[in-house]
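The next block holds one structure in the form of structure tokens; read it before the comments.
The values are calculated or read from the model by the stated rules, or taken from the named source; none is laboratory data. Since we're looking at a predicted model, the values are computed, not measured. Neighbour counts are summed over all protein chains in view; Cβ atoms, including those assigned to glycine, are modelled from backbone coordinates with ideal geometry. To get the accessible areas, we keep the full protein, side chains included, count just its heavy atoms, and leave off ligands, DNA and RNA. Shrake-Rupley method; radii C 1.70, N 1.55, O 1.52, S 1.80 Å.
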Amino acid sequence: MLDLGRLRALHAVAVHGSVAAAASALGYTPSAVSQQITKLERETRTTLLERRGRGVALTDEARHLAATAQELLAIVERAETVLEERKGLPTGRLTIAAFPSAARGLLPGALAELERAHPGLDARLTEVDPHLSVDLVARGLTDVAVAHDWDIAPLPAPEGVDQAVIGDDLCDLLVPEGHRLAGRASVRREELPGERWICQPPGTVCHDWLVRTLRATGHQPDLAHQAEENHTQVALVAAGLGIAMMPRMGRGPLPPGVVAVALDPMPRRRLYALWRTGAARRPAITATVTALQERFRTHCATTSEHPQEQAL
């Protein structure tokens, strides 16, 4: 009989494209995933992974087995949902994927509340890009995703995935102290040509949104510095090296030398919780989504009137 854990490891490699990425998604070490695949090869007497340069590729037999594994994992999920629903309590392991600023500004408090209210629930967090997290939910590799979209870059929810709004996170313009815009009550986007920008790298949701937003005003932004971490971007602004647009959630208090200025109209990103439709009745899903919404309402939304401060 094939071992479900080993099938899960193979399925993760098929979805993520490498042993290392699969290990990260599953919360294992790469060597542990490799061992699971090796044991599965012995069980099936079949070569499942082939070396391709520095990486690996699935054989035809492995792709077929991974597709079957996805079906089996869906059946197991339905069975676990029924059992948990009959108990009426959030229990068991629940995996959550969240983008970085939500993992920093929203999830710690929400997870602590879940642990306090539901001791039988083992919730575990992984930080990922918002668009990748939706795919993880659709493929059954994580139970809940916290993702976001912007007004001109909506987040698509694939078939078989449900979603609920967590809340709207506002975005400010960050400028160095002494900048020509630092004393303004608000700034329109049309007033920003000629500025040097600090932003996230290409391919990220926030980078694409910034470029599309500024191009819509009729000018090409000068992207002087690119950094993934919000704290690095803030430090670059503080050094007088450019300006940035940054959401408030998870940003933290601004250091001396950085001023937040309101934009008119105010940019906002909408946060969502996403989960598979087949698991919608699972009490753990309901409890997690409720905890996320309540935490945002009581601790994150309160920063809307105070752009210089961050409650979390």
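In region 71-222, what percentage of the DSSP-assigned beta bridges are antiparallel, given to the nearest 5?
10
Output the peptides 211-220, 280-289, 114-123, 47-56 sorted from most to least packed, where packing is the average of other Cβ atoms within 10 Å over each peptide's residues.
280-289, 114-123, 211-220, 47-56
What's the center-to-center distance, using Cα atoms, between region 206-230 and region 59-126 in Å?
Here the two parts' Cα centres lie 35 Å apart.
Pick from R180, R104, R269 the residue whose mean-square fluctuation is largest in a GNM of the chain, springs joining Cα atoms under 10 Å.
Judging by the Gaussian network model, the answer is R180.
So which residue, out of D162, D135, D222, gets the largest mean-square fluctuation from a GNM of the chain using Cα contacts under 10 Å as springs?
D222
Within region 1-37, list the residues whose amide N lies under 12 Å from a label point set 7 Å along Cα→Cβ of A79.
4-5
Is any residue of region 9-45 close enough, with backbone N under 15 Å, to a label point placed 7 angstrom from the Cα of L72 along the Cα-Cβ axis, and if so, which?
Residues passing the 15 Å test: 9-14, 36-45.
Averaged per residue, what accessible surface does region 6-115 expose to a 1.4 Å probe, in Å²?
That works out to 53 Å² for each residue.
Which of rounded, prolate or oblate describes region 164-273 when judged by the alpha-carbon gyration tensor and an a/c cut-off of 1.5?
Taking the square roots of the gyration eigenvalues as a ≥ b ≥ c, region 164-273 is rounded.
Just need the Rg to Rh number for region 1-158, please, alpha carbons only, Kirkwood Rh.
1.00
Compute the long axis of helix 205-215 from its Cα atoms, compare it with the longest principal axis of the Cα atoms of the chain, and write down the angle in degrees, 0 to 90, nearest 10.
40
Using only the Cα atoms of the chain, what are the Rg and Dmax in Å?
For the chain, the Cα-based Rg and Dmax read 22.1, 71 Å.
How high is the relative contact order of the chain, given as a whole-number percent (alpha carbon pairs under 8 Å, six or more residues apart)?
Computed value for the chain: 21 percent relative contact order.
Treat each spin label as a single point 7 Å out from the Cα along the C-beta direction, and report the A32 to Q220 distance in nm.
So the label points at A32 and Q220 sit 4.8 nm apart.
Go ahead and run the numbers for FRET between R184 and E229, Cβ-Cβ distance against an R0 of 30 Å, rounding to 0.05.
Rounded to the nearest 0.05, the efficiency is 0.65.
In square nanometres, what is the average projected area of the Cα convex hull of region 20-81?
Its average projected convex-hull area is 4.9 nm².
Only loop residues by DSSP count here, and only those with at most 15 other Cβ atoms within 10 Å; note down the GluC sites (Glu not before Pro) in region 136-219 that meet that.
Sites meeting the loop and neighbour criteria: E159, E177.
Quick check: residue separation of A57 and E191 times 0.36 nm, minus the Cα distance between them. What number comes out in nm?
This chain segment gains 43.2 nm when fully extended.
How long is the gain from A164 to L132 if the chain were fully straight, where each residue apart is worth 0.36 nm and the alpha carbon distance is subtracted?
9.8 nm
By average Cβ neighbour count within 10 Å, what is the ranking of 245-257, 68-80 from highest down?
Most protected by this proxy first, the peptides run 245-257, 68-80.
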